[in-house]
1. Please report, in debye to the nearest 20, how large the charge dipole of the stretch 67-111 is about its Cα centre when each Lys and Arg carries +1 at its beta carbon and each Asp and Glu carries -1 there.
2. Give me the one-decimal nm value for the distance between modelled label points at Gln121 and Ser24, 7 Å along each residue's Cα-to-Cβ direction.
3. Could you work out [θ]222 nm for the chain from helices alone, using -39500 (n - 2.57) per DSSP H run of at least four and dividing by all its residues? Round to the nearest 500 deg cm²/dmol.
4. Once the Cα atoms of helix 81-97 and of the chain are each reduced to a long axis, what angle between those two axes, in degrees from 0 to 90 to the nearest 10, is obtained?
5. Suppose each label sits 7 Å from its Cα in the direction of the beta carbon; what would the Lys33-Ile52 distance come out to in nanometres?
6. Express the accessible area of the chain per residue in Å², computed with a 1.4 Å probe while the remaining protein chains stay in the model.
7. Pop the C-beta distance of Glu42 and Lys72 into the FRET formula with R0 = 30 Å and round what comes out to the nearest 0.05.
8. What's the angle, to the nearest 10 degrees (0 to 90), between helix 121-131's Cα axis and the longest principal axis of the chain?
Amino acid sequence: MKCIYCGYGESKVIDSRATSGDCSIRRRRECVKCGKRWTTYETVENTPIMVIKKDGSIQPFDKSKIINGIIKACEKRPVSLIQIENIASTVEKKLKDSMEHEVQSIKIGEMVMDLLKPLDQISYVRFASVYRQFTDTENFISFLKNQ
């Protein structure tokens, strides 16, 4: 890192420690040329995940939309809000871990269905019926036969 006092291109790190909340690292640096010291902070750059919708529009990922969709599918079913939030958090974590900046909404829906299926079959079918936009009973029955 460039020295803020003399502009020399090299410095060395004297001390590193996490800040409160562990969201950044505080580093004490010393210029190799002039010997002066200064402090820098290193933080993670969060790039938002963008969702490509079926119609081609793009919008920022919103975990609350997943939660709301699952809540509707789980209405009057033995699925707790904690389980629903866990599914949404798992999907969000997988998306962040994938390091993709843009993701198809289809992929998100499939991830939700994969996590919902072992939890509650009825909720899974309800979610799939809305997500897959069944147009008639034949599509719905065909989907159920393949499960």
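The values are calculated or read from the model by the stated rules, or taken from the named source; none is laboratory data. Predicted model, so just to flag it, every value in this text is computed and none were measured. Neighbour counts are summed over all protein chains in view; Cβ atoms, including those assigned to glycine, are modelled from backbone coordinates with ideal geometry. Areas reflect the complete protein model, heavy atoms only, side chains present, ligands, DNA and RNA absent. Shrake-Rupley method; radii C 1.70, N 1.55, O 1.52, S 1.80 Å.
1. Numbers: 7 positive and 7 negative charges, 44 e Å.
In total the dipole reaches around 220 debye.
2. About 5.3 nm, to one decimal.
3. Working: 5 runs with 60 residues, N = 147.
Calculated mean residue ellipticity at 222 nm is -12500 deg cm²/dmol.
4. Compared with the principal axis, the helix lies near 50 degrees.
5. 4.7
6. Numbers: 10000 Å² over 147 residues.
So the chain comes to 68 Å² accessible per residue, rounded to a whole number.
7. On the way: r = 42 Å, r/R0 = 1.39.
With a Förster radius of 30 Å, E is 0.10.
8. Approximately 80 degrees, to the nearest ten.
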